[in-house]
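The block underneath contains the structure these notes are about, expressed in structure tokens.
The values are calculated or read from the model by the stated rules, or taken from the named source; none is laboratory data. Remember, it's a predicted structure, so these values are computed and weren't measured experimentally. Note that we place each Cβ from the backbone using ideal geometry, even for glycine, and neighbour counts take in every protein chain shown.
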Amino acid sequence: MEIHQLRYLCAIVDTGSFSRAAEHCHVAQPSLSQQISKLEDELGTRLFDRLGRAVRLNDAGRAFLPHARAVLHQTELARSEVDGSRRDTRGSISVGVIPTIAPYYLPRRIAAFARRFPEATVRIVEETTPVLVESLRSVAIDIAILSLPLKHREFDMVPLLTERMYAALPPNHARAHARSISLRELRDERFVLLRDGHCFRGIALAACQRARLDPRVAFESGQFSSLLGMVAAGVGVSLVPEMAIDRGVACRYVPVSEPQAARTIVAARLKGRSFSRVQQAFMENLGRSA
């Protein structure tokens, strides 16, 4: 039994003929007649008395008609509910983000999104990459904002931006006013770096490894602000992404010359996951300049 068969049956009753019903349903009359015959075959009884050009429901048809109309009504209600959900601007979204991105990239974009969807609810979870990956898998969050590399085939990833890596140097450093600096030039320095668990530490160490530099780590922290304070005090040098540059701290920031010294930020979502209008709009909003 098919929905369109029920729709054809009701159209015949409402218009009084097969031809007018076919015209109303925008279908050829032979096709409509064939579908009604299939419905009758499935039910094991005729639904209409065909009296020349006239057609009318028989007893079986009159018994079946209220159920057909009820099914069509419920189908329309379901369609309206789904459409309303798709268009609803009052939905919610849960977003995971790593700490080395959250305070720099998100605030203005969330503010811009809130202006467009003032009734939407946005929940932000700040965690390390492994925790956010598991949260995506368990559907505890809808989107995760992470940095590459990510070796997880079950996610769709949308690139948001690629940013350069900078050397943060004490103001009296010999290369503090250079236009760029190679990592090899820092081989005799002490480093202050993010501690294990933060993906940017891995990115920084991978860049150093490619430059054949084994950094001597003098201090570790979970916050760029702490690293920059140590650099300003002369404890060592550091490597930071462009968005973490803080001109209010007494450091000098020099672009690292190696082209691979960069990080790419992506928005990740579970493959096959359907999104509401609010969730999709937030995803699109992430890529806009705020």
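Things worth noting here:
- Every residue from the range 25-52 that is among the basic types (Lys, Arg) and closer than 15 Å to VAL13 by Cα: ARG46, ARG50
- Against the test of being at pLDDT 90 or above and not assigned by TED's automatic domain parsing to the domain that holds ARG269, the options ALA70, ALA78 yield a single qualifying residue, ALA70.
- Identity of the residue in the range 135-185, assigned to a helix (DSSP H, G or I) and touching a residue at least 12 places away in the same chain (Cβ under 8 Å), that ends up farthest from GLY197 (Cα to Cα): ARG184
- Which listed residue, of ARG273, ARG269, is part of a strand (DSSP E or B), under 30 Å from GLU119 (Cα atoms) and not aliphatic (A, V, I, L, M): ARG269
- Consider the range 231-243 and keep the residues that are within 23 Å of ALA174 (Cβ to Cβ) and surrounded by fewer than 22 Cβ atoms within 10 Å (Cβ to Cβ). The one that is nearest to the chain's Cα centre (by Cα) is GLU242.
- If you go through the range 220-261 and keep only what is over 17 Å from ARG179 (Cα atoms) and either in a loop (DSSP other than H, G, I, E, B) or in the same structural domain as PHE282 (by TED's automatic domain parsing) (or both), you end up with GLY222, GLN223, ALA233, GLY234, VAL235, GLY236, ASP246, GLY248, VAL249, ALA250, GLN260.
Matching residues to (1) hydroxyl-bearing (Ser, Thr, Tyr); (2) over 18 Å from ARG195 (Cβ atoms); (3) without any contact (Cβ under 8 Å) to a residue 60 or more places away in the chain:
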{"site": "ALA218", "(1), (2), (3)": "no, no, yes"}
{"site": "MET230", "(1), (2), (3)": "no, no, yes"}
{"site": "ALA250", "(1), (2), (3)": "no, yes, no"}
{"site": "VAL256", "(1), (2), (3)": "no, yes, no"}
{"site": "GLU284", "(1), (2), (3)": "no, yes, yes"}
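- Number of the condition not met by PRO171 [criteria: (1) surrounded by 17 or more Cβ atoms within 10 Å (Cβ to Cβ); (2) more than 16 Å from SER92 (Cα to Cα); (3) modelled with pLDDT under 95]: (1)
- Residues of the range 212-221 satisfying the condition of being surrounded by fewer than 21 Cβ atoms within 10 Å (Cβ to Cβ) and in contact with a strand residue (DSSP E or B) (Cβ under 9 Å, 6 or more places away or on another chain): ARG216, VAL217, ALA218, PHE219, GLU220, SER221
- Qualifying residue in the range 128-135 (condition: in contact with a Phe, Trp or Tyr (Cβ under 7 Å, 6 or more places away or on another chain), in the same structural domain as GLY272 (by TED's automatic domain parsing) and either closer than 17 Å to ALA268 by Cβ or among the hydroxyl-bearing types (Ser, Thr, Tyr) (or both)): no
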